[in-house]
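Nothing in this text is a laboratory measurement; each read-out follows from the coordinates by a stated rule. In this text, all values refer to a predicted model and were calculated from it rather than measured experimentally. All Cβ positions, even for glycine, are placed from backbone atoms using ideal geometry, and neighbour counts span all protein chains on display.
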Amino acid sequence: MYRTHTCGELRPAHIGQTVTLAGWVHRQRDHGGVTFIDLRDRTGLVQVVGDPNLPEVSAIQDARNEWVLQVTGMVRPRPAGAENPNLVTGAIEVAVQKCVVLNPAKPLPLAVNTDETVDENIRLKYRYLDLRRERMYNNIVLRHNVVKFIRDYLSERGFLEIETPMLFKTTPEGARDYLVPSRLQPGTFYALPQSPQQLKQLLMVAGFDRYYQIARCLRDEDLRGDRQPEFTQLDLEMSFVERDDVLAVGEGLFTAMVQEILPGKRLLASPWPRMTYTESMERYGNDKPDLRFGMELHNLSDILAASEFMVFQNVLKNGGVIKCIVAPGCADYTRKEVDELTTFSKEQGAKGLATLALTAEGVKGTAQKFIKPAEVEAIQTRTGAQTSDLVLFIADSKPVANKTLSALRLLFRDRLNLADPNVLAFAWVLDFPMFEYNEEDKKWDAAHHPFTMPKMEDLPKFETDPSQILSDAYDMVLNGYETASGSIRIHRSDIQQKVFQLLGLKDEEIQSKFGHMIEAFQFGAPPHGGMAPGIDRLIMLFAGEPNIREVIAFPKNQAGRDVMADAPSPASEKQLRELHIKLDLPEEK
């Protein structure tokens, strides 16, 4: 056999035993002819020592970093004073009696035994080497533990894990589909699933009652740090439930997970806070608030309604708002620093930024001459601003004010280290708008997805004012990220038809694209709902990583390329002919 023990399991109890180990050379040191090697496998490191006077171990002297070795030797205590308290194997070492080189390694393009920064393109090109690094290995182990916990938790509560197809029908659900041409039916295409949304609903129609799946999903959309073209989500659906039944399962799952497998993290609150979409937008400027710190948005429109500042007056006359945040301890910001904040605000879409610095010498800032002492006092009362704080005002339309102040709030969060990285601030955001008006196309779009149940009391508004219809949708948010979306689903064909019609679909389109769903709802579909937490994004936050590429074994880069395998790549002429495809590529300039 290649080994009798793993590197990380040896302890003082093994002293006197002859063991065989196999692994990689993590580090090699030569001390006066005696060779010391830290041998590594997935379980950890152990020090092995090679005596140059033993010909059987001469190979150990030639070994270099990342060579693969097999060593046989006697476990013995380390000399007094030479113990390594930072290693679980640090009290012992292996005196090598035999060493075999299983595979040498040429010089590596990146170091795997340090945490030094390496260009990401190099890391992705040699991902199989990057994954040898301790941090990356730990991220993949964390991912395994999270998924295993999910499976155990849900299975114990009566959920069935059911796989759904990777080849399905292309339907308009928001993002662009990845299409797969059919060889057997020329001119037709499958779509890779953006999510198993329709299929999990059909499983509820089938009577499975409680379903889950660790689902692979694919969307052809622009990439960013928390988005990949292919990603993994926990897909979960339940029958005969209302909203709070689904939330209880999600909250119970992740509360228990944090307590069991994330000992270094703590929940901000339990039970989790809940707020409506409208409340979240008013208080935090977005629908995925980071609750680990304050700096909430405050509406000052009433306080400044009589302001002599014409910019404020004009904004209020045009239906806009005056809102602010308070940056603690920042009253001493220089003019240059305030100008940088103004530029940042304009990049978010605002026309400008006004400031009020509350200093020990009095009120200063760009808004000082426009705001009366009584107004300053009222602002302090409402916001809680204290001496040494900086008040930042945005006067604009409500969407622009919310977006800009939300971005400023997060900028100060990072600049002032206001958020504890070991706190997990889960929360629920509820009661989203059902529809959003698309000004460009002059039509209504689904704010969530078209299978979301509207609030039953809002059904009459389909004929009067769709903008006022609320959906029975909910998001799970964590530390400023949306980590799950869910909703109670439509289970009645008449309501589903009404939603599709409001979205501008003709009857023949509804039938061709969603006829299978409409028909299924006519065969006794139960009330049902669910959610889909994003596993990649959650593990990114659990691990404290800056993007989800750090917690995916083989991710794509920011351009959607697999630089390790050089994909996507051209197909052969033979393959294209079999699929009846002709390429119409733009001419090179």
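Here the label points at ALA111 and ALA559, each 7 Å from Cα along the C-beta direction, are separated by 2.9 nm in the simple model.
Put simply, the amide H of ALA331, placed in the peptide plane, has neighbours under 5 Å in ASP389, LEU390, leaving out anything fewer than 5 places away on its chain. In a DSSP loop and with at most 16 other Cβ atoms within 10 Å, the GluC sites (Glu not before Pro) in region 205-254 are GLU221, GLU242.
For GLU93, the residues whose modelled amide H falls within less than 5 Å of its own, excluding neighbours fewer than 5 places apart on the same chain, are ARG76, ARG78.
Stretching GLU134 away from PHE36 to a fully extended chain increases their span by 33.2 nm, per 0.36 nm per residue minus the current alpha-carbon distance.
DSSP bridge analysis restricted to the chain gives an antiparallel fraction near 90%, rounded to the nearest 5. A Förster radius of 22 Å, combined with the Cβ-Cβ distance separating ASN53 from GLU83, puts the computed FRET efficiency at roughly 0.30. Give the residue list of chymotrypsin sites (Phe, Trp or Tyr not before Pro) in region 450-550 that are DSSP loop and have at most 11 other beta-carbon atoms within 10 angstrom. Sites meeting the loop and neighbour criteria: PHE523.
Under 5 Å from the amide H of ARG27 lie the amide H atoms of ASP38, each residue being 5 or more positions distant or on a separate chain, with H modelled from the backbone and absent for Pro and chain starts. Highest-first packing order for the peptide set 348-354, 557-563, 320-326 is 320-326, 348-354, 557-563, based on the mean count of other beta carbon atoms within 10 Å.
Ordered from longest to shortest, the equivalent ellipsoid semi-axes for region 20-80 are 16, 14, 11 Å, each the square root of 5 times a Cα gyration tensor eigenvalue. The stretch between PHE523 and ALA447 holds 24.6 nm of extra length on full extension. This uses 0.36 nm per residue minus the Cα-Cα distance. Relative contact order of the chain, please, whole-number percent, based on alpha carbon pairs below 8 angstrom and at least 6 residues apart. Over the chain, the number comes to 13 percent.
Rounded to the nearest 0.05, the FRET efficiency derived from the C-beta distance between GLU347 and ALA567 at R0 = 35 Å is 0.50.
Within region 164-251, the trypsin sites (Lys or Arg not before Pro) that combine a DSSP coil assignment with at most 12 other C-beta atoms in a 10 angstrom radius are ARG183.
Annotation for GLN368 and LEU576: the two label points, set 7 Å from Cα along the Cα-Cβ direction, are 6.9 nm apart. Could you grab the Rg to Rh ratio for the chain? Cα atoms only, Kirkwood for Rh. Checking Rg against Rh, the ratio lands at 1.05.
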